[in-house]
Amino acid sequence: MENVIEIQHLSKSFGANEVLKDINFSVKKGEVVCIIGSSGSGKSTLLRCINLLERPSGGKILYNGENILDEKHDIFKYRTKLGMVFQQFNLFENHNALSNCVVGQMKVLGRSREEAEEVALKFLKVVGMEQYINARPKQLSGGQKQRVAIARALSMEPDVMLFDEPTSALDPEMVGEVLKVMKELAQSGLTMLIVTHEMGFAKEVSDRVVFMDKGVIAEEGPPEQIFNNPKEERTREFLKRVLNQM
Amino acid sequence: MTYEWLVRIITNYWPMFIRGAGVTLLISIIGTIIGAIIGLLIGVIRTIPMPERGPKRVFLKFVNFLLSAYIEFFRGTPMIVQAMVIFYGSALVFNVYMDRILAAIFIVSINTGAYMAEIVRGGIISIDKGQFEAAQAIGMNHPQTMLNVVLPQVIRNILPATGNEFVINIKDTSVLNVISVTELFFQTKSIAGNNYRYFEAFFVASIIYFVMTFTVTRILRYIERRLDGPDSYIMIDNQMQVERPEDALRKKGQN
């Protein structure tokens, strides 16, 4: 299978602080990859570099073989191919649930309102939020907001979905509903790159797990290897620390 | 007798008061609207992300400098002085004889614009960074982000401050009597001068000013509530189940 996203020698510094060092990895079409690691290991920064919310300091990001860091590459068009789900949901506060999913399709993809609403409804149904299309973000609970945010990203019909700790800002009882939606998406064959602290979820849904530590990829492999038989000492230590807390 | 004079002034001069109030309202409404548009435009320009290098960066820096100069100058000088400089200056130096009302609207607009630019900038800064990022992440550029996501929220948030500007404008158009604009203060001065009845004439004027500002404040509060939308939302039950996603898909297939 071909690589949708391929990252070569990616680095990112904030001032003197080097957050990512020489990252090399790739995501294949239809693959579900989870990125785990302790806070400050650079997981979120890596994800934000991929859709250029942070400008990488060096290296290459290839999307279907094209380097998107090239000056003349249309980054706005590229971003429509990546769906992003944020930790803090970031629903557009001035739009209701339906309109959150419609506005991007109309303004960026140039779809008609009818078509956009049809697509939006389809995906709001997927996340089980079709009853709430009239609700404004401030009227929804965290889990509901995150599900609408997932529908918003899906409505752009992206090639790859990026999830940046989608359940970290949720109350414990709402984590389940969001993970359930994500599980269904993973089974539908969508390409997904997920930064998460939910180890059980990562173990269950991912085809491959990437463990990051101090700005480098310390270990990557199938979930059985990472969770049951990690090769690296730091992976073992991290998992011991995280799993003991639960 | 004061009371008799009050009645006499109102019955004899009410058309002048009304005309004066009309001009005051006209100047302050148009001035506030144009000022708000200037403020919004400047606010958007001043929050364009600065490119790291290249000629675009130099150009943007230059534009920002000009805009800052405009804001600082018009905020830092009294409107009464600006009115004299612009109106008489254009006539004596450039031989441009401006219509008084147009000159008044121009002066109020650029003055309000300078204040509104800062209000809008504050409004944009107060919007959560996540809103910008979410808009960027679905592929919106800066103007699209501003128009569809940020400015609607900014406008709601700056409405109270804009109402303030509006009320200030209604009152401050009175300084434009120095360029003989026939607004309410100018008319009142004429009425008072005709009869040597300053207290009665200006008492009427004060009531009219208050009615205007109070009405405007109430209207803006109403608009604010409208923009906030209803507190509750309607759950969609039956309507949505009529069209299942499968129906939607089938319809799409036909198109």
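The values are calculated or read from the model by the stated rules, or taken from the named source; none is laboratory data. Since the structure is predicted, the reported quantities are computational estimates derived from the model, not experimental observations. We place every Cβ from the backbone using ideal geometry, glycine too, and count neighbours over all the protein chains shown. Just the protein is used for accessible areas: all its heavy atoms, side chains included, with ligands, DNA and RNA removed. Shrake-Rupley method; radii C 1.70, N 1.55, O 1.52, S 1.80 Å.
For residue A:208, the residues whose amide H sits under 5 Å from its own are A:32, A:34, ignoring neighbours fewer than 5 places away on the same chain, with H placed 1.01 Å from N.
Scaled against the 2.2 N^0.38 Å expected of a compact globular protein of N residues, the Cα radius of gyration of chain A reads 1.00.
Across chain A, the mean sequence separation of Cα contacts (distance under 8 Å, 6 or more residues apart), normalised by length, yields a relative contact order of 26 percent. Measuring between their Cα centroids, region B:1-77 and region B:114-182 lie 12 Å from each other. 5 Å is the cut-off here: which amide hydrogens, built 1.01 Å from N in the peptide plane, fall below it relative to residue A:218, excluding neighbours closer than 5 in sequence? Those lying under 5 Å, H to H, from residue A:218 are A:211, A:212, A:213. Straight-line reach from residue A:231: which lysines fall under 24 Å, measuring Cα to Cα and dropping same-chain residues less than 8 apart? Partners found: A:21, A:28, A:43, A:203, A:214, A:240. Using only the Cα atoms of the protein assembly as shown, build the gyration tensor, take square roots of its eigenvalues as a ≥ b ≥ c, and label the shape rounded, prolate or oblate: rounded if a/c is under 1.5, else prolate if a/b is larger than b/c, else oblate. Taking the square roots of the gyration eigenvalues as a ≥ b ≥ c, the protein assembly as shown is prolate. Which of the three applies to region A:38-127, rounded, prolate or oblate, going by the alpha-carbon gyration tensor with a ≥ b ≥ c and a/c under 1.5 meaning rounded? Oblate.
Note down the relative contact order for chain B as a percent, whole number, built from C-alpha pairs under 8 angstrom at least six residues apart. Mind dumping the intermediate values first?
Numbers: 231 pairs, mean separation 76.3, N = 255.
Averaging sequence separation for qualifying contacts and normalising by length gives 30 percent for chain B.
Phi angles across region A:129-135 convert, under the Karplus curve 6.51 cos²θ - 1.76 cosθ + 1.60 with θ = phi - 60°, into 3J(HN,Hα) values of 10, 5, 6, 10, 4, 8, 7 Hz, Gly and Pro given as x. Surface composition of region B:2-254: carbon and sulfur make up 67 percent of the accessible area, probe 1.4 Å. Sort chain B into rounded, prolate or oblate with this rule: let a ≥ b ≥ c be the square roots of the eigenvalues of the Cα gyration tensor; rounded if a/c is under 1.5, and if a/c is not under 1.5, prolate when a/b is larger than b/c, oblate otherwise. Note, shape of chain B comes out oblate. Taking amide H as placed 1.01 Å from N in the peptide plane, residue A:28 has its amide H under 5 Å from the amide H of A:4, each at least 5 places away in sequence or on another chain. Comparing B:48, B:37, B:170 in a Gaussian network model of chain B where C-alpha atoms under 10 Å apart are linked, the largest mean-square fluctuation is found at B:48. Restricting the trypsin sites (Lys or Arg not before Pro) of region A:23-114 to loop positions (DSSP other than H, G, I, E, B) with no more than 12 neighbouring Cβ atoms within 10 Å leaves A:72. Taking every DSSP helix (H) stretch of at least 4 residues in the protein assembly as shown, weighting each as -39,500 (n - 2.57) and dividing the sum by the residue count yields a mean residue ellipticity at 222 nm of -19500 deg cm²/dmol.
For peptide A:79-86, how many partner chain Cβ atoms fall within 10 Å of a residue's Cβ, on average?
On the way: counts 6, 4, 1, 3, 2, 5, 2, 4.
Partner-chain Cβ atoms within 10 Å, mean over residues of A:79-86: 3.
In straight Cα distance, which aspartates and glutamates are under 19 Å from residue B:56, not counting same-chain residues fewer than 8 positions off? Qualifying aspartates and glutamates at Cα under 19 Å: A:70, A:71, A:74.
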